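Below: the structure, in C-alpha coordinates.
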Amino acid sequence: MSAELRNRKRLERLRQQADALLDLTQAINRNVPDGELFGSYRRVLEFMGVGKLALFCRDEKDGAWDCAVEWGYPTRLPRLEDAEAALGGKAHAIVAGDTAVEFDLAIPVEQDGEVIAYVVMGDQEEGHGMSPSIRHVRFITTLTNVLVVALRNRALTAQRILTAGLERELALAGEMQAMLLPRVLPDDGNRNFAARYRPHHHVGGDYYDAIRLPDGRMAMAMADVSGKGMPAAFLMSNFQAHLHAHLERPGVDLEMLVHTLNQRVFRSAGGEKFITFFFAIHDAEKGTLDYVNCGHNPPLFVSGGGPGMFLAEGCPGLGMLDRLPSVGVGSLKAGPGSTLVCFTDGLVEQENPEGEPYGEHRLQQLVEQERTASAEVLNAAIIVDWEQHRGTADPADDTALLTTRFA
(Lines give C-alpha, C1' and ligand atoms only; values in the text may rest on other atoms or scores of the structure.)
Protein backbone atom coordinates (compact mmCIF):
# COMPACT_ATOMS: atom_id res chain seq x y z
CA MET A 1 0.00 0.00 0.00
CA SER A 2 1.43 3.34 -1.04
CA ALA A 3 2.17 6.09 1.49
CA GLU A 4 -0.43 8.33 -0.17
CA LEU A 5 -3.15 5.71 0.19
CA ARG A 6 -2.19 5.08 3.81
CA ASN A 7 -2.39 8.81 4.53
CA ARG A 8 -5.73 9.05 2.79
CA LYS A 9 -7.14 6.17 4.86
CA ARG A 10 -5.70 7.64 8.01
CA LEU A 11 -7.26 11.03 7.30
CA GLU A 12 -10.60 9.37 6.52
CA ARG A 13 -10.44 7.44 9.80
CA LEU A 14 -9.63 10.64 11.72
CA ARG A 15 -12.51 12.42 9.98
CA GLN A 16 -14.90 9.63 10.97
CA GLN A 17 -13.67 9.78 14.53
CA ALA A 18 -14.05 13.56 14.68
CA ASP A 19 -17.58 13.28 13.25
CA ALA A 20 -18.44 10.60 15.80
CA LEU A 21 -17.19 12.78 18.66
CA LEU A 22 -19.11 15.78 17.32
CA ASP A 23 -22.33 13.77 16.91
CA LEU A 24 -22.03 12.38 20.43
CA THR A 25 -21.32 15.82 21.90
CA GLN A 26 -24.30 17.35 20.11
CA ALA A 27 -26.55 14.52 21.31
CA ILE A 28 -25.37 15.13 24.89
CA ASN A 29 -26.06 18.86 24.53
CA ARG A 30 -29.58 18.07 23.26
CA ASN A 31 -30.09 16.11 26.48
CA VAL A 32 -30.74 12.87 24.60
CA PRO A 33 -31.70 10.04 27.03
CA ASP A 34 -28.92 7.83 28.36
CA GLY A 35 -30.15 4.75 26.50
CA GLU A 36 -29.96 6.50 23.13
CA LEU A 37 -26.46 7.78 23.87
CA PHE A 38 -25.25 4.28 24.70
CA GLY A 39 -26.87 3.06 21.49
CA SER A 40 -25.00 5.67 19.42
CA TYR A 41 -21.77 4.77 21.22
CA ARG A 42 -22.23 1.13 20.31
CA ARG A 43 -23.04 1.81 16.65
CA VAL A 44 -19.93 3.95 16.19
CA LEU A 45 -17.59 1.35 17.66
CA GLU A 46 -19.22 -1.58 15.88
CA PHE A 47 -18.82 0.31 12.60
CA MET A 48 -15.12 0.57 13.39
CA GLY A 49 -14.93 -3.20 13.84
CA VAL A 50 -14.94 -3.47 17.63
CA GLY A 51 -16.58 -6.87 18.09
CA LYS A 52 -16.60 -7.14 21.89
CA LEU A 53 -17.01 -4.36 24.40
CA ALA A 54 -18.59 -3.76 27.78
CA LEU A 55 -18.81 -0.49 29.66
CA PHE A 56 -19.05 -0.64 33.44
CA CYS A 57 -20.15 2.56 35.21
CA ARG A 58 -20.07 3.12 38.96
CA ASP A 59 -23.36 3.47 40.79
CA GLU A 60 -22.98 6.53 43.01
CA LYS A 61 -25.51 5.19 45.50
CA ASP A 62 -23.73 2.00 46.57
CA GLY A 63 -20.38 2.07 44.76
CA ALA A 64 -21.02 -1.07 42.72
CA TRP A 65 -20.44 -1.21 38.95
CA ASP A 66 -23.28 -1.67 36.47
CA CYS A 67 -22.76 -2.87 32.91
CA ALA A 68 -24.30 0.05 30.99
CA VAL A 69 -23.79 -1.38 27.49
CA GLU A 70 -22.25 -4.58 26.12
CA TRP A 71 -22.04 -6.60 22.95
CA GLY A 72 -20.20 -9.60 21.55
CA TYR A 73 -19.95 -11.61 24.77
CA PRO A 74 -21.53 -15.07 25.07
CA THR A 75 -23.48 -14.21 28.22
CA ARG A 76 -24.77 -11.16 30.02
CA LEU A 77 -22.09 -9.65 32.21
CA PRO A 78 -22.91 -9.31 35.91
CA ARG A 79 -22.88 -6.31 38.22
CA LEU A 80 -19.46 -5.96 39.81
CA GLU A 81 -19.09 -5.15 43.49
CA ASP A 82 -15.37 -4.43 43.11
CA ALA A 83 -14.43 -3.57 39.53
CA GLU A 84 -10.71 -3.13 40.25
CA ALA A 85 -10.48 -6.61 41.76
CA ALA A 86 -12.60 -8.21 39.01
CA LEU A 87 -10.85 -6.54 36.07
CA GLY A 88 -7.32 -5.98 37.33
CA GLY A 89 -6.23 -9.60 37.79
CA LYS A 90 -4.08 -11.72 35.50
CA ALA A 91 -6.95 -14.01 34.51
CA HIS A 92 -8.58 -11.41 32.24
CA ALA A 93 -11.95 -13.02 32.85
CA ILE A 94 -15.24 -11.96 34.43
CA VAL A 95 -17.12 -14.66 36.28
CA ALA A 96 -20.76 -14.65 35.14
CA GLY A 97 -22.58 -17.45 36.93
CA ASP A 98 -20.80 -20.68 35.98
CA THR A 99 -19.03 -19.06 33.03
CA ALA A 100 -15.70 -17.22 32.95
CA VAL A 101 -16.05 -14.54 30.26
CA GLU A 102 -12.64 -13.68 28.87
CA PHE A 103 -11.57 -10.22 27.73
CA ASP A 104 -8.37 -8.73 26.28
CA LEU A 105 -8.18 -5.29 27.80
CA ALA A 106 -9.77 -3.27 30.61
CA ILE A 107 -9.25 0.50 30.54
CA PRO A 108 -10.19 2.76 33.47
CA VAL A 109 -11.95 6.05 32.74
CA GLU A 110 -11.07 8.80 35.21
CA GLN A 111 -12.51 12.14 36.23
CA ASP A 112 -10.56 14.37 38.62
CA GLY A 113 -8.25 11.48 39.43
CA GLU A 114 -11.14 9.14 40.32
CA VAL A 115 -12.06 6.04 38.30
CA ILE A 116 -15.71 6.32 37.28
CA ALA A 117 -15.92 3.65 34.56
CA TYR A 118 -14.13 0.73 32.94
CA VAL A 119 -14.10 -0.18 29.23
CA VAL A 120 -13.68 -3.93 28.81
CA MET A 121 -12.73 -4.99 25.28
CA GLY A 122 -12.11 -8.15 23.29
CA ASP A 123 -12.35 -9.32 19.67
CA GLN A 124 -15.00 -11.45 18.10
CA GLU A 125 -12.59 -12.73 15.53
CA GLU A 126 -8.92 -13.43 16.05
CA GLY A 127 -5.92 -14.00 13.80
CA HIS A 128 -6.47 -11.09 11.40
CA GLY A 129 -3.62 -8.77 12.33
CA MET A 130 -3.95 -5.96 14.85
CA SER A 131 -7.39 -6.04 16.41
CA PRO A 132 -9.71 -3.02 16.06
CA SER A 133 -9.79 -2.73 19.86
CA ILE A 134 -6.02 -2.19 19.95
CA ARG A 135 -5.90 -0.15 16.75
CA HIS A 136 -8.53 2.31 17.97
CA VAL A 137 -7.80 2.14 21.68
CA ARG A 138 -6.99 5.85 22.00
CA PHE A 139 -10.17 6.87 20.22
CA ILE A 140 -12.27 4.37 22.20
CA THR A 141 -10.84 5.80 25.41
CA THR A 142 -11.56 9.38 24.28
CA LEU A 143 -15.09 8.60 23.13
CA THR A 144 -15.85 6.70 26.33
CA ASN A 145 -14.43 9.49 28.45
CA VAL A 146 -16.61 12.10 26.73
CA LEU A 147 -19.72 9.95 27.17
CA VAL A 148 -19.21 8.81 30.78
CA VAL A 149 -18.01 12.15 32.13
CA ALA A 150 -20.93 13.94 30.45
CA LEU A 151 -23.44 11.48 31.89
CA ARG A 152 -21.90 11.78 35.34
CA ASN A 153 -21.97 15.58 35.14
CA ARG A 154 -25.58 15.40 33.99
CA ALA A 155 -26.48 13.25 36.99
CA LEU A 156 -24.60 15.53 39.39
CA THR A 157 -26.28 18.60 37.91
CA ALA A 158 -29.71 17.00 38.21
CA GLN A 159 -28.92 16.11 41.84
CA ARG A 160 -27.78 19.66 42.57
CA ILE A 161 -30.96 21.06 41.02
CA LEU A 162 -33.05 18.59 43.01
CA THR A 163 -31.17 19.45 46.20
CA ALA A 164 -31.47 23.18 45.59
CA GLY A 165 -35.18 22.79 44.88
CA LEU A 166 -35.66 20.71 48.01
CA GLU A 167 -33.74 23.20 50.12
CA ARG A 168 -35.85 26.04 48.74
CA GLU A 169 -39.01 24.04 49.40
CA LEU A 170 -37.91 23.37 52.97
CA ALA A 171 -37.03 27.03 53.47
CA LEU A 172 -40.47 28.11 52.23
CA ALA A 173 -42.13 25.49 54.39
CA GLY A 174 -40.10 26.74 57.34
CA GLU A 175 -41.29 30.29 56.75
CA MET A 176 -44.88 29.06 56.52
CA GLN A 177 -44.52 26.97 59.67
CA ALA A 178 -42.99 29.88 61.59
CA MET A 179 -46.02 32.01 60.71
CA LEU A 180 -48.26 29.50 62.49
CA LEU A 181 -46.53 29.96 65.84
CA PRO A 182 -47.83 32.78 68.04
CA ARG A 183 -45.50 35.75 68.28
CA VAL A 184 -46.91 36.73 71.66
CA LEU A 185 -48.49 34.37 74.17
CA PRO A 186 -51.36 35.61 76.36
CA ASP A 187 -50.41 36.45 79.93
CA ASP A 188 -52.92 37.18 82.67
CA GLY A 189 -53.27 36.76 86.40
CA ASN A 190 -54.40 33.16 86.07
CA ARG A 191 -51.71 31.71 83.82
CA ASN A 192 -48.13 32.41 82.83
CA PHE A 193 -46.89 31.04 79.47
CA ALA A 194 -43.47 30.54 77.94
CA ALA A 195 -42.44 28.73 74.76
CA ARG A 196 -39.27 27.62 73.01
CA TYR A 197 -38.94 26.30 69.49
CA ARG A 198 -35.89 24.88 67.76
CA PRO A 199 -36.36 23.78 64.12
CA HIS A 200 -34.34 20.91 62.70
CA HIS A 201 -32.60 22.32 59.59
CA HIS A 202 -35.03 24.49 57.63
CA VAL A 203 -38.38 23.21 58.78
CA GLY A 204 -40.20 21.11 61.29
CA GLY A 205 -43.82 20.16 61.66
CA ASP A 206 -44.32 21.36 65.22
CA TYR A 207 -47.07 23.74 66.30
CA TYR A 208 -48.06 25.19 69.66
CA ASP A 209 -50.55 27.82 70.72
CA ALA A 210 -52.42 29.39 73.63
CA ILE A 211 -55.83 30.77 72.71
CA ARG A 212 -58.28 32.70 74.86
CA LEU A 213 -61.81 31.35 74.29
CA PRO A 214 -64.92 33.57 74.02
CA ASP A 215 -66.14 32.41 77.45
CA GLY A 216 -62.89 33.44 79.17
CA ARG A 217 -61.34 29.98 79.46
CA MET A 218 -57.88 29.36 78.01
CA ALA A 219 -56.98 26.69 75.47
CA MET A 220 -53.50 25.22 75.08
CA ALA A 221 -52.43 23.25 71.99
CA MET A 222 -49.38 21.29 70.91
CA ALA A 223 -49.20 19.36 67.62
CA ASP A 224 -46.73 17.63 65.33
CA VAL A 225 -47.35 16.62 61.73
CA SER A 226 -45.76 13.55 60.15
CA GLY A 227 -43.37 14.26 57.29
CA LYS A 228 -41.50 17.39 56.25
CA GLY A 229 -41.55 19.94 53.46
CA MET A 230 -44.39 21.81 51.83
CA PRO A 231 -47.05 19.05 52.04
CA ALA A 232 -46.58 18.83 55.81
CA ALA A 233 -46.52 22.62 56.16
CA PHE A 234 -49.74 22.98 54.14
CA LEU A 235 -51.44 20.29 56.21
CA MET A 236 -50.46 21.96 59.47
CA SER A 237 -51.54 25.36 58.15
CA ASN A 238 -54.91 23.93 57.19
CA PHE A 239 -55.20 22.27 60.58
CA GLN A 240 -54.42 25.47 62.48
CA ALA A 241 -57.01 27.41 60.48
CA HIS A 242 -59.73 24.83 61.24
CA LEU A 243 -58.77 24.73 64.92
CA HIS A 244 -59.00 28.51 65.30
CA ALA A 245 -62.29 28.62 63.42
CA HIS A 246 -63.85 26.07 65.80
CA LEU A 247 -62.50 27.82 68.89
CA GLU A 248 -64.24 31.06 67.91
CA ARG A 249 -67.56 29.36 68.56
CA PRO A 250 -68.95 29.37 72.12
CA GLY A 251 -69.14 26.23 74.23
CA VAL A 252 -66.26 24.17 72.85
CA ASP A 253 -66.83 20.44 73.33
CA LEU A 254 -63.52 18.56 73.35
CA GLU A 255 -64.84 15.25 72.05
CA MET A 256 -66.77 16.83 69.20
CA LEU A 257 -63.81 19.08 68.33
CA VAL A 258 -61.46 16.11 68.01
CA HIS A 259 -63.88 14.12 65.82
CA THR A 260 -64.30 17.13 63.51
CA LEU A 261 -60.55 17.80 63.25
CA ASN A 262 -59.85 14.13 62.57
CA GLN A 263 -62.26 14.14 59.62
CA ARG A 264 -60.65 17.32 58.27
CA VAL A 265 -57.12 15.92 58.48
CA PHE A 266 -58.12 12.59 56.93
CA ARG A 267 -59.86 14.31 54.00
CA SER A 268 -56.86 16.59 53.43
CA ALA A 269 -54.15 13.92 53.69
CA GLY A 270 -56.06 10.82 52.54
CA GLY A 271 -54.52 8.75 55.33
CA GLU A 272 -50.96 9.37 54.05
CA LYS A 273 -50.09 11.85 56.79
CA PHE A 274 -51.33 12.40 60.31
CA ILE A 275 -51.08 14.90 63.15
CA THR A 276 -50.42 14.14 66.79
CA PHE A 277 -52.25 16.66 68.92
CA PHE A 278 -52.63 17.59 72.57
CA PHE A 279 -55.36 20.04 73.48
CA ALA A 280 -56.41 21.31 76.90
CA ILE A 281 -58.84 23.90 78.27
CA HIS A 282 -58.19 25.59 81.60
CA ASP A 283 -61.06 27.02 83.63
CA ALA A 284 -59.53 29.42 86.16
CA GLU A 285 -62.77 29.85 88.12
CA LYS A 286 -63.19 26.12 88.69
CA GLY A 287 -59.47 25.40 88.82
CA THR A 288 -59.86 22.51 86.33
CA LEU A 289 -57.97 21.36 83.28
CA ASP A 290 -59.83 19.27 80.69
CA TYR A 291 -57.70 17.70 77.99
CA VAL A 292 -57.48 15.18 75.17
CA ASN A 293 -54.32 13.60 73.81
CA CYS A 294 -54.45 12.45 70.17
CA GLY A 295 -51.38 10.24 69.92
CA HIS A 296 -49.01 12.99 71.06
CA ASN A 297 -46.13 12.74 73.52
CA PRO A 298 -47.95 12.94 76.88
CA PRO A 299 -47.40 16.37 78.45
CA LEU A 300 -46.12 16.52 82.01
CA PHE A 301 -48.40 17.95 84.70
CA VAL A 302 -46.88 18.76 88.09
CA SER A 303 -49.08 20.00 90.92
CA GLY A 304 -47.96 22.38 93.65
CA GLY A 305 -46.86 19.56 95.94
CA GLY A 306 -47.43 16.07 94.52
CA PRO A 307 -45.49 14.00 91.99
CA GLY A 308 -45.77 14.70 88.28
CA MET A 309 -48.01 12.77 85.91
CA PHE A 310 -48.08 12.38 82.14
CA LEU A 311 -51.39 13.13 80.42
CA ALA A 312 -52.14 10.34 77.93
CA GLU A 313 -55.96 10.09 77.91
CA GLY A 314 -57.37 10.51 74.42
CA CYS A 315 -57.29 8.69 71.05
CA PRO A 316 -55.01 7.87 68.10
CA GLY A 317 -53.37 10.58 66.03
CA LEU A 318 -55.61 12.71 63.81
CA GLY A 319 -55.92 11.48 60.23
CA MET A 320 -54.77 7.93 60.93
CA LEU A 321 -58.36 6.66 60.71
CA ASP A 322 -61.28 8.01 58.74
CA ARG A 323 -63.40 7.76 61.88
CA LEU A 324 -62.24 7.60 65.49
CA PRO A 325 -63.93 4.78 67.43
CA SER A 326 -63.85 6.76 70.68
CA VAL A 327 -62.27 9.81 72.25
CA GLY A 328 -61.26 9.84 75.90
CA VAL A 329 -61.32 13.17 77.73
CA GLY A 330 -59.21 13.61 80.84
CA SER A 331 -59.91 16.07 83.65
CA LEU A 332 -57.88 17.13 86.68
CA LYS A 333 -57.48 19.92 89.19
CA ALA A 334 -55.02 22.61 88.14
CA GLY A 335 -54.77 24.84 91.13
CA PRO A 336 -52.27 27.61 91.91
CA GLY A 337 -48.66 26.47 91.70
CA SER A 338 -49.39 23.74 89.15
CA THR A 339 -47.36 23.47 85.95
CA LEU A 340 -48.09 21.94 82.55
CA VAL A 341 -45.17 21.19 80.23
CA CYS A 342 -46.11 20.33 76.62
CA PHE A 343 -43.39 19.20 74.21
CA THR A 344 -42.73 17.35 70.96
CA ASP A 345 -40.70 14.19 70.46
CA GLY A 346 -37.54 16.12 69.62
CA LEU A 347 -37.15 16.88 73.33
CA VAL A 348 -37.44 13.47 74.99
CA GLU A 349 -36.08 11.38 72.10
CA GLN A 350 -32.86 13.36 71.69
CA GLU A 351 -29.89 11.05 72.22
CA ASN A 352 -26.49 11.83 73.67
CA PRO A 353 -23.25 10.63 72.01
CA GLU A 354 -23.70 7.26 73.78
CA GLY A 355 -27.13 6.79 72.18
CA GLU A 356 -29.15 7.35 75.38
CA PRO A 357 -32.39 9.38 75.00
CA TYR A 358 -33.12 12.39 77.19
CA GLY A 359 -36.32 10.68 78.26
CA GLU A 360 -39.45 11.52 80.23
CA HIS A 361 -37.99 10.48 83.58
CA ARG A 362 -35.19 13.05 83.44
CA LEU A 363 -37.66 15.74 82.37
CA GLN A 364 -39.99 14.86 85.25
CA GLN A 365 -37.18 15.00 87.81
CA LEU A 366 -36.15 18.44 86.63
CA VAL A 367 -39.66 19.93 86.54
CA GLU A 368 -40.45 18.57 90.01
CA GLN A 369 -37.23 20.07 91.28
CA GLU A 370 -38.05 23.45 89.71
CA ARG A 371 -41.79 23.37 90.43
CA THR A 372 -41.80 26.90 91.94
CA ALA A 373 -40.04 28.51 88.96
CA SER A 374 -41.80 30.74 86.46
CA ALA A 375 -42.62 29.30 83.03
CA GLU A 376 -39.74 31.16 81.38
CA VAL A 377 -37.19 30.14 84.02
CA LEU A 378 -38.37 26.52 83.86
CA ASN A 379 -38.08 26.44 80.07
CA ALA A 380 -34.55 27.83 80.29
CA ALA A 381 -33.62 25.16 82.84
CA ILE A 382 -35.05 22.41 80.60
CA ILE A 383 -33.15 23.62 77.53
CA VAL A 384 -29.86 23.90 79.45
CA ASP A 385 -30.29 20.38 80.84
CA TRP A 386 -31.27 19.08 77.39
CA GLU A 387 -28.21 20.67 75.77
CA GLN A 388 -25.95 19.19 78.45
CA HIS A 389 -27.42 15.77 77.72
CA ARG A 390 -27.11 16.20 73.93
CA GLY A 391 -23.46 17.19 74.12
CA THR A 392 -21.85 16.84 70.70
CA ALA A 393 -24.68 14.76 69.20
CA ASP A 394 -26.62 16.34 66.34
CA PRO A 395 -30.23 17.35 67.02
CA ALA A 396 -32.44 14.48 65.87
CA ASP A 397 -35.61 16.46 65.21
CA ASP A 398 -37.25 19.82 65.71
CA THR A 399 -38.15 20.60 69.30
CA ALA A 400 -41.10 22.60 70.66
CA LEU A 401 -41.76 23.39 74.30
CA LEU A 402 -44.83 25.14 75.74
CA THR A 403 -44.96 25.60 79.50
CA THR A 404 -47.95 26.92 81.48
CA ARG A 405 -47.68 28.01 85.09
CA PHE A 406 -51.07 28.23 86.80
CA ALA A 407 -51.46 31.04 89.36
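For this structure, a couple of remarks:
- Check on residue 398, surrounded by 15 or more Cβ atoms within 10 Å (Cβ to Cβ), over 23 Å from residue 218 (Cα atoms) and in contact with a Ser or Thr (Cβ under 8 Å, 6 or more places away or on another chain): yes
- In region 2-13, the condition of being within 14 Å of residue 142 (Cβ to Cβ) and either surrounded by fewer than 14 Cβ atoms within 10 Å (Cβ to Cβ) or among the basic types (Lys, Arg) (or both) is met by at least one residue.
- Of the residues making up region 177-197, not a single one is buried (at least 20 other Cβ atoms within 10 Å of the Cβ), β-branched (Val, Ile, Thr) and either out of contact with any His (no Cβ under 7 Å at 6 or more places or on another chain) or outside the structural domain of residue 319 (by TED's automatic domain parsing) (or both).
- Checked against the criteria, residue 106 counts as part of a strand (DSSP E or B) and either under 29 Å from the mean Cα position of the chain (by Cα) or under 30 Å from residue 17 (Cβ atoms) (or both).
- Out of 233, 241, 245, 284, sole residue that is out of contact with any His (no Cβ under 6 Å at 6 or more places or on another chain) and surrounded by 20 or more Cβ atoms within 10 Å (Cβ to Cβ): 233
- Any chance residue 49 is surrounded by fewer than 18 Cβ atoms within 10 Å (Cβ to Cβ), assigned by TED's automatic domain parsing to the domain that holds residue 150, touching a residue at least 40 places away in the same chain (Cβ under 8 Å) and within 23 Å of residue 137 (Cα to Cα): yes
- Residue 63 falls short on exactly one of the conditions (1) at pLDDT below 85; (2) on the phi > 0 side of the Ramachandran plot, and that condition is (1).
- Only one entry of 83, 54, 68 meets the criterion of being among the hydrophobic types (A, V, I, L, M, F, W, C), touching a residue at least 60 places away in the same chain (Cβ under 8 Å) and touching a Phe, Trp or Tyr at 6+ places or on another chain (Cβ under 7 Å), and that entry is 54.
The values are calculated or read from the model by the stated rules, or taken from the named source; none is laboratory data. Values in this document were obtained by computation on a predicted structure and should not be read as measured data. Reconstructed Cβ throughout: ideal geometry from the backbone, glycine too, with neighbour counts over all protein chains shown.
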